[in-house]
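Nothing in this text is a laboratory measurement; each read-out follows from the coordinates by a stated rule. Note that the structure is a prediction, hence the values are computed from the model and not measured. All Cβ positions, even for glycine, are placed from backbone atoms using ideal geometry, and neighbour counts span all protein chains on display.
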Amino acid sequence: MVATQETIDKVKEVSSSYKYGFVTELEAEKAPLGLSEDIVKFISNKKKEPKWLLDWRLKAYKKWLTMDEPNWAMVNFPKIDFQDIYYYSAPKTKPKLNSLDEVDPELLKTYEKLGIPIKEQEVLAGVAVDYVFDSVSVATTFREKLADEGIIFCPISEAVQNHPDLVKKYIGSVIPIGDNYYAALNSAVFTDGSFVYVPKGVKCPMELSTYFRINEQNSGQFERTLIIVEDNSYVSYLEGCTAPQRDENQLHAAVVELVAMDDAEIKYSTVQNWYPGDKDGKGGIYNFVTKRGNCLGKRSKIAWTQVETGSAITWKYPSCVLRGDNSVGEFYSVAVANNSQQADTGTKMIHIGKNTKSTIISKGISAGKAQNTYRGQVQIQKNAKASRNFTQCDSLLIGDRCGAHTVPYINQHTPSARVEHEATTSKISEDQLFYCLQRGLDTEQATSLIVNGFCKEVMKELPMEFAVEAQKLIGISLEGSVG
Amino acid sequence: MSLLEIKNAHLKLDNKNILNGVSLSVNKGEVHAIMGPNGSGKSTLSYMLAGRDGYELEDGEILLDGKSLSEMEADERARSGLFLAFQYPVELPGVGGMSFLREAVNSRRKFLGEKELDHLAFVKEARKEASKMFVKDEMLKRAVNVGFSGGEKKRFEILQMSMLKPKVSILDETDSGLDVDALKIVSDGVNSQRNKENAIVVITHYQRLLDYIVPDFVHILSDGVIIKSGGPELALEVEKNGYSGLINAA
């Protein structure tokens, strides 16, 4: 079946040009290369931070020095030289802006190229956007409207200045500085990120959104996000990323901490499309992220939804600690790995409170020579009586050189709890492709349709406008693959 | 000029001769039935016409409205107006029936240089056609063919045919798995689409379907060649004497 092989080859072939590969020309202010106590002090000083935060950073730095890089993930890459990274760079543009007109036009153009017309978004989507460009947030919108509700949505560096008590109380409370190698590194050198605080009884009236963008060549990106939602409150937060094409690997080690009090709900959605590297994976982003939510309050709920299509290597396990009785954790994930991409991603659900409930739906898609691993831990602790978990892991393979792996860890210490795990692996069948082709769809359309069908359960968890974007992204990431 | 012209089609699968020189001319407005016993090459013929990978002609030629299909991929043939109603329609988990139909219809419209239908216009059109096939809205919201009964699958096939308005439709064992009531609905659907501009090729095992979709011509396929052609009465002869009588006579 010669022609069949051809179809498979087409699908397996790799996208050569990254659609969002362009570099904005902005002059950056850099810290000297490498990492030392002085660099940590330099960053803290640049940001005019209080002493307690500098001490906290230094403590993290010292902890980091004693730690080793984790090596249990199913990913391979050359050893990172942490002394060959710039730990601070900020656009020279003045960060204090009253309106978008004051934003560097170069910057605005970049977002336009990404298909994120800022103004249109403000008006049409009603999205308040905290743009992170490299390390310093340059434009924050809709802040006044949010302030009316008592909601704080600002760069974390600003929160450190204006709301130090909140930051001090919660930073590192979900992910301690010594949690893991990359989290320790982030704690020492984080430059900026988002801060959200929703007071009691407030439903945030709009989706909060941050577009991350790695831009300065060779600058490590260490974002820090902290979201606190008080009793009876709700917030939906969107995070989306694209990055320009480049040759050297870029390390990204973000930390995201979520805290939900009694009856609070946090929805955290991510669409991640960082540069995956060329056909051989050269030049792609290393995405080593620590994300964790603490369901501290009774009946609190945290839902992670992620669509991961980019990065050369993804190492990411958004987790929920279900501390409050009757709290709920959810994880919905689509991970696409094409060409030489490696993804080791999943979640941890730690059931501590009684009657806690978690749901995990993971969809992995592998094409080319990519390796896609789901790694998930479900832990039911002694007091988590009558707790429940449902896990479903589905893998879809395109071609015959890629791999899908499912690694579930289940620790159950309570007889009254129930844990269910389902896993499937399938291929896009020739029958399915032929059926679609016979209806006039081309191979690319057919693949995209079948893949999006496969991901549907996860996509429907995304906010509407994000879902459309995510669907396109999945199409794009497999599109290069189909000529 | 014939709408569909098959000239001396030869095809091998796994080095085995399956089609050994099939020739057939189908004109506008005609319905042809191809009958034959198991293993006579009926399904192979339909896959070959639709351009499935691996079913390339060894020798011979096929023309759709005067254009050679041999160099066209399956999707291009479909957009050119060739439709195959599958014997076993394929499940597409998570792919909604309505969006699938819309992608298909718009691909064909684009090819024909017609404007693509917007969502509202499309839904209206689809509902109108669907109601003729007794396909409920609820079914269009479900994933394509997933959990459909045998009858639902075939009704959905004919609904696609009516939406795509092909020049030539090939119905591969469309009666298989249908009870009498379902058979009637599906046949009515097919019959309502017969007109002076298109043509239908019905591939079937049994004469039963031809009571409902009455053909103008009947051909008997055996060992990859058409051994006998005639009118509807030929199907009745098969019913009465079986294939063996005809094959032996040939």
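Once backbone amide H atoms are built at 1.01 Å from N, A:Lys203 has A:Tyr234 as its partners under 5 Å, excluding neighbours fewer than 5 places away on the same chain. Shown for chain B is the translational diffusion coefficient from the Stokes-Einstein equation, using the Kirkwood radius over Cα pairs, a temperature of 25 °C and a viscosity of 0.890 mPa s: 132 µm²/s. In a solvent-free Debye calculation with one equal scatterer on each Cα, what is log10 I(q)/I(0) for the stretch A:347-413 at q = 0.26, 0.29 Å⁻¹, listed in the order of the q values? Log-scaled intensity ratios, in q order: -1.01, -1.17. Computed over the stretch A:332-483, the alpha-carbon pair-distance distribution with 5 angstrom bins reads 2, 9, 17, 18, 17, 13, 9, 7, 4, 2, 1, 0, each value a whole percent. Just tell me which lysines come within less than 26 Å, Cα to Cα, of A:Lys369; anything on the same chain fewer than 8 places away is out. Cross-link targets: A:Lys10, A:Lys12, A:Lys19, A:Lys79, A:Lys279, A:Lys282, A:Lys316, A:Lys427, A:Lys456, A:Lys472.
Here the stretch B:151-204 is assigned +1 on the Cβ of each Lys and Arg and -1 on the Cβ of each Asp and Glu. Its dipole about the Cα centre then comes out at about 320 debye. Taking packing as the residue-averaged number of other Cβ atoms within 10 angstrom, the listed peptides B:231-237, B:242-248 run from highest to lowest as B:231-237, B:242-248. Legend: mean number of C-beta atoms from other chains within 10 angstrom of residue C-beta atoms, peptide A:453-463, equals 2. Counted by Cβ distance under 10 Å from B:Gly21, the other residues give a net charge of 0, where Lys and Arg count +1 and Asp and Glu count -1.
When Lys and Arg each count +1 and Asp and Glu each count -1, what net charge do the other residues less than 14 Å away from B:Lys141, Cβ to Cβ, add up to?
Here the count lands on +3.
Partners of A:Lys203 within straight-line reach, counting lysines whose Cα lies under 22 Å from its Cα and excluding those fewer than 8 residues away in the same chain: A:Lys145, A:Lys267, A:Lys298, A:Lys301, A:Lys460.
Among A:Thr443, A:Thr373, the order by Cβ neighbours within 10 angstrom, fewest to most, reads A:Thr443, A:Thr373. The local environment of A:Glu420, defined by Cβ-Cβ distances under 14 Å, has a net charge of +2 under the rule Lys, Arg +1 and Asp, Glu -1.
Taking only the C-alpha atoms of the stretch B:34-159, the Rg (one decimal) and the largest Cα-Cα distance, Dmax (whole number), read 16.3, 46 Å.
Based on the alpha-carbon gyration tensor of the stretch B:111-218 and its eigenvalue square roots a ≥ b ≥ c, which shape applies: rounded if a/c is under 1.5, prolate if not and a/b is larger than b/c, or oblate? Because a/c hits 1.5 or more and a/b fails to exceed b/c, the stretch B:111-218 counts as oblate.
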